[in-house]
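Laboratory data are not the source of any read-out in this text; all were calculated from the coordinates shown. Just so it is clear, the model here is predicted, and its values are computed rather than measured. Here the Cβ positions follow ideal geometry from the backbone for every residue, glycine too, while neighbour counts run over all protein chains shown.
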Amino acid sequence: MRGMGNMGNINEMLKKAQKMQQEFAVMQEELKKKEVEASSGGGAVSVRANGAKQVLSIKIDKELVGSGDVDMLQDLVTAAVNEALNKAQETVDAESKKIAGGMGLNMPGLF
């Protein structure tokens, strides 16, 4: 029968997609264990986050709290959290590219 040669290609693609899905599930669990840290205000505010983009902790220097400058404190916390989450996203992107590249997929901009 004509056209049946493509069925092998489709089956192979489905197998690759299934394998990649399994690898992504494993990666998501592993990313929960990977931690990144960012700080702002010369270390006055420090934030730890994981690869699942969850904030794990925020540390604020007591002197900063005692200054009474709430606006500055809010800005520094926001900056540190955003930086930590950006680092977490970079970790996710790097791990995702490893999986996609290992599958022979070249999809710029996907991750």
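Things to note:
- Distance between the pseudo-spin-label points of T78 and N9 (7 Å out from Cα toward the beta carbon): 5.1 nm.
- 3J(HN,Hα) from dihedral phi, segment 27-41, Karplus parametrisation 6.51/-1.76/1.60, rounded to Hz, x for glycine, proline: 4, 4, 5, 5, 5, 5, 8, 7, 10, 10, 9, 9, 9, 9, x
- Where (1) 14, 37, 27, 12, 7, 2, 0; (2) 12, 32, 33, 19, 4, 0; (3) 13, 30, 22, 16, 10, 5, 3, 1, 0 are the candidate values, the label of the one calculated here for P(r) over Cα pairs in 10 Å bins from 0, in percent is (3).
- Counting only alpha carbon atoms, the long axis of helix 70-102 and the longest principal axis of the chain meet at about 20°.
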